[in-house]
There are 2 protein chains.
Amino acid sequence: MDRFVSTFTNKIDAKGRVSIPAAFRVVLERDGYKVGGSAGIYCYPSLDAPALDAGGERLAQKIDGLLAGLPDYSDERDELSVALYGDVQVLSIDGDGRIVLPESLRAHAGLRDAVTFVGLGEKFQMWEPGRFGERRQRAREKVQGHRKLLGSAAGSGSRSGDDPASSLGGGGQGARE
Amino acid sequence: MDRFVSTFTNKIDAKGRVSIPAAFRVVLERDGYKVGGSAGIYCYPSLDAPALDAGGERLAQKIDGLLAGLPDYSDERDELSVALYGDVQVLSIDGDGRIVLPESLRAHAGLRDAVTFVGLGEKFQMWEPGRFGERRQRAREKVQGHRKLLGSAAGSGSRSGDDPASSLGGGGQGARE
DNA sequence: TAAAATCCCATGCGATCCCATAGATGCCCG
DNA sequence: CGGGCATCTATGGGATCGCATGGGATTTTA
């Protein structure tokens, strides 16, 4: 596995520590991070959501690439640089796979005593569980509008609705060695 | 053959485990999954049905491809990412060909003590047996209407349209809570 | 030196692995 | 042609392992 997938919710303990889901740690390690080493994960406030974005080396390079695409000295680049680099924190992972979130980051995401980790492929987000619930709801509704896209992507391009039984007839001979 | 076909109904045991139909396991292996390895199957709530969609690498690639088409950092991409990646679970298959369904997924499909696996070609769905029964009934009626369109093809194909799921009724013995 | 951050160990629960059983199927050999 | 044996699948249960979490102990910083 080389992408962040799924959601997990972990607690913040009295010292402000949170366990990073084991599945995510695996991805981070593959991305160049060595647990116990001196590297860390990149974390910054999401630009358009009350959440935190985080990832490993690949994410960092992606940001670099994004900025490189904009002309030097443009307003756009300046703003983006500040918005991204300015608030980036490099968090280290302790021996037990936990990180400590600085107050500034916690505030932006409204984190109190638990964190929902949301895998988004090349990066992941950290949400206050309640807020993420709302966001997920909205996202699902919006996706309904893209159903046709999905339908074709998922293969049953013939029709929009999922009509499982309709493919039953296909003489079930298939699954042979 | 390398597609998911037919339907099977298996029980959920006290630990929340369900056997994946052997026929489906064969397809998954061909799709890149190695039993006993570290990969898994991708599973997420169906967008428009009280069921779960699942598949192997090929299905994951489709999702990736869908997102790859959207510009980075666009609202659209973010929403879609959350809905897709965020809801996806990577389930590992144990040595006996079983998976464990997380509570969140079970809830969406209303799964309690049994699961009906429905082959849909390159992916398959998991239904609560009762609900699937209703859905299949409606689907059949619909198919009747389309039969003339399908013509002779439907004739040979529908022959095997017997009731695979019913076999479990006979074989199953202690189908209790 | 006090406060805070980091490291290290203990623990409980859930997830995973492994083995045992049983029904069903298919094959071989009589 | 039929009986019995080997195999495979589904399912249950026990044992084990890993992860998340909590609580000190130790080091670092102001």
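The values are calculated or read from the model by the stated rules, or taken from the named source; none is laboratory data. Fair warning: this is a prediction, and the values are worked out from it, not measured in the lab. Backbone-built Cβ (ideal geometry, glycine too); neighbour counts: all protein chains shown. Ligands, DNA and RNA are excluded from the accessible area calculation, which covers all protein heavy atoms including side chains. Shrake-Rupley method; radii C 1.70, N 1.55, O 1.52, S 1.80 Å.
For B:His146, the solvent-accessible surface computed with a 1.4 Å probe is close to 90 Å², ligands and nucleic acids excluded.
Surface composition of the range B:7-129: carbon plus sulfur atoms hold 49% of the accessible area, using a 1.4 angstrom probe and ignoring ligands, DNA and RNA. Between copies, the label points at A:Arg138 (set 7 angstrom from Cα along Cα-to-Cβ) are spaced 3.0 nm, reported in nanometres from shortest to longest. Distances between copies at A:Glu76, taken between label points 7 Å from Cα along the C-beta direction, are 1.7 nm in increasing order.
Among B:Thr7, A:Thr7, the order of accessible area from largest down is A:Thr7, B:Thr7, computed with a 1.4 Å probe on protein heavy atoms. Copy-to-copy label distances for B:Gly95, where each label lies 7 Å from Cα along Cα-to-Cβ, are 3.1 nm in order of increasing length. Per residue, the convex hull spanned by the alpha carbons of the range A:7-129 comes to 102 Å³. Between B and A, buried accessible area from a 1.4 angstrom probe totals roughly 4400 Å², ignoring ligands, DNA and RNA.
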